[in-house]
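A quick write-up on the structure given underneath.
The values are calculated or read from the model by the stated rules, or taken from the named source; none is laboratory data. It should be emphasised that the depicted structure is a prediction, and the values quoted were computed from it without experimental measurement. Cβ placement follows ideal geometry from the backbone for every residue including glycine, while neighbour counts extend to all protein chains displayed.
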Amino acid sequence: MAGSGGGTLLSMATRQRLLDEMLGSVRDAAGGAWSVLVLDPTTTKVLSNVAGVADIMDYGVSLVEDIGKRREPLPQLVGVYFMAPTDNNVRQLVRDFSLAAMPQYKAAHVFFSSKPSVQHLAAIRECPHLVSRLRTLKEVNLEYLLVDSRTFCTNEEGALKTFFGASVDSSTSYRVEIEVMTARLATVFATLREMPAIRFRAAAPPGEEFPPGLESRLLVAQRIAVELHEQLSALQRAGMLPERETCELILTDRGFDPVAPVIHEWTYEAMAFDLLSDTPALHDNVFVYDAETQGGKLEKKEHILNERDALFVDLRHKHFAAASQAIANLMDEFKAKNRVGKGGRGVSELELRNMSKLIQSLPQYRDQLSKLAAHVEIASRLNNQINENQLAELGKLEQDLVYGDATSKEVIAFLTANQAIPAADKVRLLMCYSATHLEKLDGTREAQWQKVARLTPGDMACVTNLEYLGVPVRKRAKGGGITFGRKRRRAVRKDREPDEDDSAFALTRFVPMLQEVVEDAAAGKLSTDEYPFVATPASPSSARSGGPSSADTTPKAGFGASVRSVRTTGAWAKKSGAAASPDKGEVAKGRRLFVFIVGGVTLSEMRCAHRLSAKLGRDVFLGGTSVETPARFMRHVADLTSSDHLALEVDGGGGGGGGFFRFGS
């Protein structure tokens, strides 16, 4: 979802490393000659999240090819290889230049996304025809995906099962994937020239009656933190990172907040990826809809939801009701421009099928109206789902459960009265209850829930498998269990006032635990018992300390940011006596704070990163192994007890982030 117009240090530094330092150096060395860019699946995602086709053409790239596919030899052009250092990629690179009489390209500039092994370098040296044409061989040290300007992921969608699955103790990939993850995470800090003081969520199990493999699960964050510290220390000794800590990194796992991935979130971006992702309308971050042509026929149109769409950026973190109103207001503005000489119908009569006529009558606004048409359709579909699936009532019950104002009695009553809602929504409700009302489930209650909600045993596995994330769902024997110094308590959250931007609307009560962790860390109040340091930092971590920053040593990357149902948002969204508040701009100062979540980040947590950056007056960046929509997270939780296990695709494939990525124009 990132775009080329991102305005944070992370997005600009990433863009500079790939475009100016990598492609720009080749363009300069080749004297402006055209080149071919050769990518693998991993680096395709890395690059496509920060640059469009037009961007890379500006750097002399005439063609983009996949290293794993058959390619026509182009000996008159320069080949630029940006790839992960894997056996398959290096083997294919050598094969491209194995014949002196028929090289794939005139010359080769090779950029590895992370450090190649000694064996890979030896394989290159042993190919004389490649060596003779080799003009560049460098490590870019950049192997993460930008999701948006404050969020990145390491492209490991299978991490939840790898580190928390039932077979974790017998998994051969556990150790390997820690190495892969930390290598990729290290490239984030290498890109920013930041040396973090690393903290991790400490292992403190609430009891002993958990599935086998408890120790391996509990120590995930700690083991990753230690491994990462070693890798960054090596970069530090090599002079690639500052001598002292310049920022803070908090490593945690999905068990620290199992509610955030399943509760219904009511902001525009989160709702779109929640309610539309498992439909033909939204694939990865591409929204597909029908638009009317000049001839009156319907044709499929695609709209990419990323930061290149300024309207999407404006809408994404607004409450859905506020976003709907903003869309309707834009329609009013364009309708007013077209009113003279057009009869001036009321805006309420304007529907999506009329958008093509409006676009034809206002050709100077074609681009803006085309984007607006996509968002009109998105908002209309979301509003329909809210009404059809009783989501307002369900959302209120979820939030009441999380904050301790509802019990199983209300859950059973809702499930009994709303048999027709999708099974996934019923499961999400039960997961919200189980994650906040600990040790309440026994065999009798599980059977009751399954019968009342008409769920399958597979559906119920999503609820009971929360145990693998350290959530004590099932009842424990009285007096049993080891507490390790942490008292077991009901997981009810601290209620807090909604942000000013949300205060006008209902269903804004839920706040991810991430916000509390970041606020405490920024204030220097985050418990060192719950989040200890790998190594005691040499400088204070509090934002108030004004500690050292890498701002001076980090490259400045300043190169080339039917209205029918949209308008009629239901009464569920309104609060009496509340007034709208404009969005606040972001500022960035003070020490940077990074949070990385093993098991994936959610859209609500991504919103927190943006809002906290503005609120705290410092850069907050969020990373994870993937981006988790509710449907994706539920599949991953249900999969924790499946017997089959595929290692994460280290060799350049993967489905990390669950998609969300595509080249834009």
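R91 meets the conditions (1) within 36 Å of the chain's Cα centre (by Cα); (2) among the basic types (K, R); (3) crowded, with 17+ Cβ neighbours inside 10 Å in every case but one. The failed one is (3).
For segment 309-320, the criterion of being under 30 Å from S48 (Cβ atoms), buried (at least 16 other Cβ atoms within 10 Å of the Cβ) and at pLDDT below 90 is met by none of the residues. Of the residues screened, D367 is one that is at pLDDT below 85 and under 33 Å from the mean Cα position of the chain (by Cα). For V38, the criteria (1) over 28 Å from D619 (Cβ atoms); (2) surrounded by fewer than 17 Cβ atoms within 10 Å (Cβ to Cβ) hold in every case but one, which is (2). Condition (residue is under 24 Å from H317 (Cα atoms), assigned to a helix (DSSP H, G or I), β-branched (V, I, T) and at pLDDT below 95) applied to segment 442-456: is it met by at least one residue? No. Once segment 610-652 is narrowed to residues that are among the acidic types (D, E) and buried (at least 17 other Cβ atoms within 10 Å of the Cβ), the residue that is modelled with the lowest pLDDT is E649. Taken across segment 292-303, residues that are modelled with pLDDT of 90 or more and not in a strand (DSSP E or B) do not occur at all. Is it true that some residue in segment 243-255 is in the same structural domain as E377 (by TED's automatic domain parsing), crowded, with 18+ Cβ neighbours inside 10 Å and out of contact with any Phe, Trp or Tyr (no Cβ under 8 Å at 6 or more places or on another chain)? So far as segment 243-255 goes, no, none of its residues is in the same structural domain as E377 (by TED's automatic domain parsing), crowded, with 18+ Cβ neighbours inside 10 Å and out of contact with any Phe, Trp or Tyr (no Cβ under 8 Å at 6 or more places or on another chain).
Among (1) modelled with pLDDT of 95 or more; (2) of a type in the set (S, T, N, Q); (3) touching a helix residue (DSSP H, G or I) at 6+ places or on another chain (Cβ under 9 Å), there is one condition S113 misses while meeting the rest; what is its number? Condition not satisfied by S113: (1). The strands (runs of 3 or more DSSP E) located wholly in segment 120-169 that include 1 or more residues which are surrounded by fewer than 21 Cβ atoms within 10 Å (Cβ to Cβ), modelled with pLDDT of 90 or more and among the charged types (D, E, K, R) occupy 134-139. Of all the numbered requirements in (1) surrounded by fewer than 24 Cβ atoms within 10 Å (Cβ to Cβ); (2) not assigned by TED's automatic domain parsing to the domain that holds F533, A272 misses one, and that requirement is (1). The single condition among (1) crowded, with 23+ Cβ neighbours inside 10 Å; (2) touching a Gly at 6+ places or on another chain (Cβ under 8 Å); (3) over 26 Å from V627 (Cβ atoms) that A33 does not meet is (1). If you check L249, L235, L311, L241 for being part of a helix (DSSP H, G or I) and closer than 30 Å to I198 by Cα, only one passes: L235.
Checking each residue in segment 210-225 for being within 25 Å of T602 (Cα to Cα) and either assigned to a loop (DSSP other than H, G, I, E, B) or not small (G, A, S) (or both) picks out L214, R217, L218, L219, V220, Q222, R223, I224.
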